[in-house]
Structures are given as C-alpha cells and as structure tokens.
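The block underneath contains the structure these notes are about, expressed in structure tokens.
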Ligand code: HEC
C-alpha cells in the first residue's frame, strides 16, 4: 500500500522530493489503479452512503425543510448556504463544520446526535453537503470576528511543525513543492481548481475502500507524516477546515469525490 511507503520513508527520515517531474495526476497511479479509477468514476461506491444520508435527513431533521428551518434560511437559499460552511452559527455559539451543525439540528429535533465518527454521520453529512453540488464554495472568512479568528488559527495550525519529524502540513502542501512528488505520490495543491480538495470531501478513497470526511482525511495525513493527531470537531480541527476550505473558494462542490 502506498501510504505505508510514505510512512516508512518518513520513518527513515528521508523526505525525498523528486521535483521537476511533470505534475500529471495519472502518473501517480499504476495502470490497474487507473482502470479502477475510470470505472469508479462512472459508479462511485460512496453513492450508496450518500443515498442513505437522504433518509437520515428525513427521519432526524425533517428533510430539507427541517434543515432550512433550523438554519433560519429559506428553502431557496439552503443550497448556497450549505456551500458556505464552516460558518459561525449563533444558536451554537461557535464556528462549526457541517457535521457539528447537524448534531445541533438533531438535538433541536429531539434526537440524539450521531457521533462525529460514525457511519451515520458520515452518510448524513455527505448527503447534506451534496445538496450543494454544483454550487461554488462561498466560505467567508471575513464574515465576522469568529471566522477571522478561526482563519488565523487554521493558518497557524497548517504551518506549525507539530511532529516527530518536524513536519507541518505546509511542508508538503506549499506552493513551492506541490506538484513534485513524495516517492510515487504527487503532492497536491489544496487550492488547485483541478484538485478542488475541500469541495470533493466526503470522498471515497480507493486505496482504503471507504468514504472519509475532510477532517478524517486531514487525520490520515497526520498519521502518515507523524504529526500530533488533532481530534475531529476540535477548535483546531475546525480552524484547519476553515483554512483549507478557503483555499478552494470558488470551486464547485461535487460530492462524493473519488480519490486514490
Ligand atoms: C509528508 C507530506 C505530507 C504532510 C506533512 C501532509 N500531507 Fe496532506 N497529502 C500528502 C500527499 C502525498 C497527499 C496525496 C496522497 C494521495 O495521492 O493519495 C496528501 C493529500 C491531502 C489531502 C487530500 C487532497 C485531495 O486530493 O483532495 C488533504 C486535504 C491533505 N493532504 C491535507 C493535509 C493537512 C491538513 C496536513 C497537515 C495536518 C497534511 N495534509 C500534511 C502529503 C502530506
């Protein structure tokens, strides 16, 4: 498995970046991977989880109407509103990503909120985000003092070296080295409209055979690169989501994504 390669490479303490190589995504896949990718593009295995999420939205929150009511927006404005998360939600009192907003909406409907790390929440949050498919990410990091603070915190979290190997997210995802490679894998530019990172998660990862949320994907990079793992839904984690979502501002949301 290629993630293991990254890990052993880092354990060996040799972060070798072969720069100057054409940044063509397909090159990072084997022929077999490529064939699987083409096939799955037609029929993303995560579609079934998203479909489950539709039923959960109905039973937990009263469908789109219930969600719009909880958020205090008209049903017409619901999709673009969803495209602007993470946001500061007054009734919650903090900046939240979609999953924590959903927990609050469940509670408001007399339901027990799903855990952030649960198959139900994965499906429900993927479905809610997919309502904004075709919308452009419109996060506003200057909307209020809370968003400004979270953006700054996210930037610091992204740039701080927090691991045994002295790496930060920025060590691999920085403008001067993205497109170069760590062994066989291209280092993705998280703001690149072709990568559209924030607009494509929750996504199905072929190498793992499962769907993951954006925050769970961050944790996978933390594991691979031996960075201290930040808990899902924590302030630092939401801040990181704010920061990385802003990098992809303006790109179209397309859920569920399909990734290596
Ligand atoms: C050691 C280098 C390294 C570090 C450090 C690192 N990443 Fe990554 N990251 C990668 C590589 C390589 C990939 C692509 C893996 C692949 O193609 O499967 C990736 C993929 C991602 C993706 C998915 C992009 C997409 O395709 O949508 C996100 C999001 C991400 N990283 C965020 C982070 C965050 C946040 C941090 C810091 C907590 C971080 N990364 C730290 C190397 C790194």
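The values are calculated or read from the model by the stated rules, or taken from the named source; none is laboratory data. Here the structure is a predicted model, which is why all the values come from computation and not from measurement. Please note: Cβ atoms are built from the backbone with ideal geometry, for glycine as well, and neighbour counts cover all protein chains shown.
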Every pair of residues 6+ apart whose Cβ atoms lie under 6 Å, when the first sits in the stretch 216-241 and is under 22 Å from residue 259 (Cα atoms) while the second is within 6 Å of the ligand (Cβ to nearest atom) and not in a helix (DSSP H, G or I): 225/167
Complete set of residues in the stretch 223-235 that are part of a helix (DSSP H, G or I) and surrounded by 17 or more Cβ atoms within 10 Å (Cβ to Cβ): 224
Being modelled with pLDDT of 95 or more, within 16 Å of the ligand (Cβ to nearest atom) and more than 30 Å from residue 164 (Cβ to Cβ) narrows it down to one residue among 98, 71, 41; which is it? 98
Flag for residue 36 being over 22 Å from the mean Cα position of the chain (by Cα) and in a helix (DSSP H, G or I): yes
Which listed residue, of 214, 240, is within 8 Å of the ligand (Cβ to nearest atom), crowded, with 19+ Cβ neighbours inside 10 Å, at pLDDT 95 or above and under 19 Å from residue 133 (Cα atoms): 214
Hey, among 239, 225, 248, which residue is touching a strand residue (DSSP E or B) at 6+ places or on another chain (Cβ under 7 Å) and more than 19 Å from residue 122 (Cβ to Cβ)? 225
Residue 117 being part of a loop (DSSP other than H, G, I, E, B) and under 16 Å from the mean Cα position of the chain (by Cα): yes
